[in-house]
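So the structure is just underneath, and the comments pick up after that.
We did not get these values from a lab; they are worked out from the coordinates using the rules stated. Predicted model only: the values in this text are computed from it and were never measured. Counting neighbours? That spans all protein chains shown, and the Cβs are built from the backbone with ideal geometry, glycine included.
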Amino acid sequence: MLARTLLFGSLLIAAVIVYAIVDVATTPASRIRGLPKWLWIVVVVLVPLVGAILWFIVGKGRRGSTTKPATPTDIVDRGPTSGPFSTESVDDRIARLEEELRRLDEEGENPSKDSA
């Protein structure tokens, strides 16, 4: 009974370590925190169970997370050549939207005779 428990525990620990090594190797560098990818592999191999636990708790960033969240000012600071403002500058977009709002306001004040 004790031998089976030790065997099962050893296999479970080995599986966690192998999974951690494969996970470190296949995780994009942008999602890895703390240490470089190669150093995480070294930690998991040299300090097997503790290294694997540290990898899953500390090293691996959450899905979809970035090192620094983007803010609206980051998008504007990038200028008119990237992001959602790629075809027009911010000032041109604001002017176009203001003109569209002004036109919609005028239509609301003077409803067309077709809708009567």
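Residues whose amide H lies under 5 Å from that of LYS60, counting only those 5 or more places away or on a different chain, are ARG33; hydrogens are built 1.01 Å from N in the peptide plane.
Here each label is just a point 7 Å from Cα along the line to Cβ, and for ASN110 and LEU6 those points are 9.4 nm apart. The slack in the chain from LEU49 to ALA25, taken as 0.36 nm per residue of separation less the alpha-carbon distance, amounts to 7.0 nm.
LYS37 sits among other residues whose Cβ lies under 15 Å from its own Cβ, and their net charge, with Lys and Arg +1 and Asp and Glu -1, is +2.
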